[in-house]
1. Give the peptides 178-184, 36-42 in descending order of average Cβ contacts within 10 Å, highest first.
2. So which chymotrypsin sites (Phe, Trp or Tyr not before Pro) in segment 33-95 end up in coil per DSSP with only 15 or fewer other C-beta atoms within 10 Å?
3. Suppose the Debye formula is applied to equal point scatterers at every Cα of segment 95-196; what is log10 I(q)/I(0) at q = 0.16 Å⁻¹?
4. Which distance in nm do the two modelled labels at Asp107 and Ala45 give, with both placed 7 Å along the Cα-to-Cβ direction?
5. For segment 1-135, what value does the Rg/Rh ratio take when both radii are computed over Cα atoms and Rh is the Kirkwood radius, given to two decimals?
6. Show me the trypsin sites (Lys or Arg not before Pro) within segment 5-46 that DSSP assigns to loop and that have at most 15 other Cβ atoms within 10 Å of their Cβ.
7. Go ahead and run the numbers for FRET between Thr143 and Val122, Cβ-Cβ distance against an R0 of 25 Å, rounding to 0.05.
8. With a 10 Å Cβ neighbour count serving as the proxy for reagent exposure, in which order, fewest first, do Met192, Met187, Met1 appear?
Amino acid sequence: MTISVVIPTYNEEKNIEKCLESLRRQKFSDDDFEIIVVDGNSKDATREKAEPLADRVIIQTSKKVGGARNDGFKIACGQIVATTDADCIIPPDWLSVIHDSFSRHGDLVQLYGTVYPREEGVKHRISLGCANTFSRIGYHTRTLYYTLGCNTAFDREAFHAAGMYHCIDAGDDLEIAQRMRKIGRVMLNPRMRVQFSMRRYEQFGTLKSLSEWVYIVAKGGNSEEISYSQRRYK
């Protein structure tokens, strides 16, 4: 079972190398996975830094971060396609956990995990601890699948059958789970973890960032206002 990893980028020259280097340190055969970077026409050296470490670096043609992921899925060769973000650090067992989960559960169409902060600080640990608790409650009550785009994986055929990501301002990574669950099993595996950057929460404030995100998701994922997520992928 082969895996493709899709990473959307925009002006990530400070982060992309560390992310890709962590993927290259996976306890998983290099022959069994590929890395695809989808760049939103960065103005810095993102692509130049990504090219030596990624298998493919392409220019984004679709809108927003969901569209960037879709662009990567369209050229992915893996039976499983995983997504993460350019400012995440990936533990060495990440791909193995994904592979094992799909191998054990034949009806699995989408897998997702938990996050922990790259930055130091009790505040960050508490914030993501609450997010992980929220994710577990949503999963076990079947009320919400908190399938963050920085740490999720799909059966490629099922993903295409569901209609891929919708190109909206926010919540596209949660919305698709509602369509995927109609096709097969959507599963949370807490062992599937990534180090998540809190830089945007530090820049814009945790409460402001979360309230903006909730507001846009509540409106169906679209807003005429420029959100912190839109600043990355217009």
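We did not get these values from a lab; they are worked out from the coordinates using the rules stated. Owing to the predicted nature of the structure, the values given are computational and were not obtained by experimental measurement. Note that each Cβ is placed from the backbone with ideal geometry, even for glycine, and that neighbours are counted across all protein chains shown.
1. Details: 178-184: 16.3, 36-42: 23.0.
In decreasing order of mean packing, 178-184, 36-42 become 36-42, 178-184.
2. Details: sites: Phe33, Phe73, Trp94; in loops: none.
Within segment 33-95, no chymotrypsin sites (Phe, Trp or Tyr not before Pro) qualify (loop, at most 15 other Cβ atoms within 10 Å).
3. -0.69
4. According to this spin-label approximation, the distance is 5.1 nm.
5. So for segment 1-135, dividing Rg by the Kirkwood Rh gives 0.97.
6. Values: sites: Lys14, Lys18, Arg24, Arg25, Lys27, Lys43; in loops: Lys14, Arg25, Lys27, Lys43.
Those that pass, being in a loop and sparsely packed, are Lys14, Arg25, Lys27, Lys43.
7. Details: r = 29 Å, r/R0 = 1.15.
That pair, Thr143 with Val122, gives E of 0.30.
8. In increasing order of surrounding Cβ atoms, one gets Met1, Met187, Met192.
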